[in-house]
Amino acid sequence: DWREQWYALTYADHVPDPSESAEVVPASVFGRPLVLWRGADGGPVRCADDVCPHRSAALSEGRLRDGNVECYYHGWQFSGDEGGRCVAIPQLEDGASPPRSACLRMRECRTVEGVVWAWMGDGDPDRDPPAQGDGLEDIDPATGRHPEYVVNDFQIDLPYDHSFLVENLLDPAHIPISHDGTPGGGKRENAQAYEMTVDPDSVGPGGFRGRYRTAAQRDAGGPFVDVVFEAPGTIRQKGKPRGDDSDLRFGAALHCMPLSLGRSRLLFRAYFTGLPPLLKFLISAKPKFLQNLNSCKILEQDAGLITTQEDHFARTGRRVKDDYTLLSTSDVFVGAYRRWLDGVGHGMPWFQGLATARSPSDVAGVDVGGRPPNPALDPANHRAG
């Protein structure tokens, strides 16, 4: 059941303190809109369904007032510290109390390693949000900085389904081609075969784990990069580029979240430790917007290709297995992920596995009115054009 999962919504430092901004933060999971806010400076992030119980306007269009989230339609205010209870209605007579039914649907929300997670199930969560480990619990959630590591956090919303985002990020083989000459990308002349394996004993509803290295690294006895795919959409990587004899280590936590049909959110975190002091200083001193420019460029390069993939299957209705030719020297993780979706997709509002798929129109309670709910999925509106 897709609801019985933790979903990474944003980074904690993306949710402002009330003294800095009255802004509330919108999010969504599989088309279910949510709103995030803090009731006090340094306080916990609160999460609720993004609908006002007065007349169903979106609370994310509102603002904070006195630590409460206020609907911008009629000024009703709700307290996250009191379980979403309505605490103020300007239109009530003096001395009257807000209706008890005027209460938000709150979601269990926790911050782990500077990432804000929400539990979408109706009951209490049966487990804690997942964590990268590797010392990242020392990240300052207010700033995203770590006392030892160089950490780069980057968030962006993308115009394609989260499954194609996961597939793309599980595919190191495209980097030298698609991002040839791009800083942070690769070089065309480095395209090659990969030694890429999935541990068969690790495959299950919770995901799978594997490792990879290039053919050149294999021939030189070089190290592997360890990869974990973690349901519902997180890719974790750890590696030692110079082997066990070096202090240099890197890791990544890539959260691919399903915002809605044809839209996804990427929370991209990369971190390094063991860097030479001068290099560490130069990287840390680089302004955030400059750090993210290359990330934006790389994702733009991918978007023109990924949207054509998604449009192809939306237009033809064909299955992935019919139109993919997967190689054992580059596409092992892609095949493993699509087969994983075959096994668990029945619990999702929509999915596209290797051999099976389901559209929102096949699911009770998800009405698309016979039309693509996102104009980008209409063949007449090709997104890469």
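The values are calculated or read from the model by the stated rules, or taken from the named source; none is laboratory data. Every value quoted in this text rests on a predicted model; they were computed, and no experiment measured them. Methodologically, a virtual Cβ is constructed for each residue, glycine included, from the backbone with ideal geometry; neighbour enumeration extends over all protein chains shown. Protein only, heavy atoms only, side chains kept; ligands, DNA and RNA dropped before computing areas. Shrake-Rupley method; radii C 1.70, N 1.55, O 1.52, S 1.80 Å.
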How much net charge surrounds Asp199 when only other residues with a Cβ under 11 Å from its Cβ are counted (Lys, Arg +1; Asp, Glu -1)?
0
At 1.4 Å probe size, put Ser330, Ser19 in order of accessible surface, largest to smallest.
Ser19, Ser330
If the cut-off is a Cα-Cα distance under 21 Å, which lysines reach Lys238, setting aside same-chain residues fewer than 8 apart in sequence?
Lys280
Rounded to the nearest 10, the angle in degrees between the Cα long axis of helix 288-316 and the longest principal axis of the Cα atoms of the chain comes to 90 degrees
Using mean Cβ contacts within 10 Å as the protection proxy, how do 89-95, 135-141 order, highest first?
135-141, 89-95
Where does the charge balance sit around Pro129 when Lys and Arg score +1, Asp and Glu -1, over other residues with C-beta under 14 Å from its C-beta?
-4
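Could you order the peptides 63-69, 263-269, 217-223 from most to least packed, using the average number of other C-beta atoms within 10 Å per residue?
Result, highest mean first: 263-269, 63-69, 217-223.
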For region 60-99 the chymotrypsin sites (Phe, Trp or Tyr not before Pro) that pass both the DSSP coil test and the at-most-12 other-Cβ-within-10 Å test are none
Could you sort Ile298, Ile177 by accessible area so the largest value comes first, with the probe set to 1.4 Å?
Ile177, Ile298
What Cys residues in the chain have no fellow cysteine's beta-carbon under 4.7 angstrom?
Cys86, Cys103, Cys256, Cys296
With a ≥ b ≥ c taken as the square roots of the eigenvalues of the C-alpha gyration tensor of region 12-83, please select rounded if a/c is under 1.5 and otherwise prolate if a/b is larger than b/c or oblate if it is not?
oblate
Can you tally the net charge around Glu4? Count Lys and Arg as +1, Asp and Glu as -1, for every other residue whose Cβ sits under 10 Å from the Cβ of Glu4.
-1
By how many degrees, between 0 and 90 and to the nearest 10, does the Cα long axis of helix 332-344 differ from the longest principal axis of the chain?
40 degrees
From the phi of every residue in region 239-246, what ³J(HN,Hα) in whole Hz does the Karplus formula 6.51 cos²θ - 1.76 cosθ + 1.60 yield, where θ is phi - 60° and glycine or proline is x?
x, 10, x, 10, x, 5, 7, 10
Relative packing of peptides 351-357, 255-261 - highest average C-beta neighbours within 10 Å first
255-261, 351-357
